[in-house]
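Values quoted throughout were computed directly from the atomic coordinates according to the rules given, and no laboratory measurement underlies them. This structure is a prediction, so every number in the text was calculated from the model and none was measured.
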Amino acid sequence: MSKAKNKPPILSLTAEQEREATSTIKRFMAERFELALGSFEAAEILELFSREVAPHYYNRAIFDVQTHLKERFESIESDLWALEKS
């Protein structure tokens with residue numbers, strides 16, 4: 001068994017999202033590479049991306065939110081200082 005199979009996926013999709021994603025993969029491979037994939041192959045590609053690629057996007061999103069919140073909290077803190085009475 002490969003190492004990737006042991007790693008839990010970082011995200012999970014609803015059944016409908018999974019069907020849409022596998023359909024998109026199949027369509028892309030057919031249009032771009034003239035390669036007809038079955039549902040099983042498309043699902044394997046989706047699983048690979050869920051386990052190996054999605055964590056990078058997830059971590060980047062977390063970092064971006066942290067940065068945004070830090071900036072927002074600094075702005076709120078500044079607004080509070082402006083309200084302080086002397």
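Its Cα gyration tensor gives the chain an equivalent ellipsoid, and the semi-axes of that ellipsoid, as √(5λ) in whole Å with the largest first, are 44, 15, 11. Straight Cα distances below 18 angstrom link K70 to the aspartates and glutamates D79, with same-chain residues fewer than 8 positions distant left out. Rounded to the nearest 500, the 222 nm mean residue ellipticity of the chain from helices alone is -24000 deg cm²/dmol, with -39,500 (n - 2.57) taken per DSSP H run of at least 4 residues.
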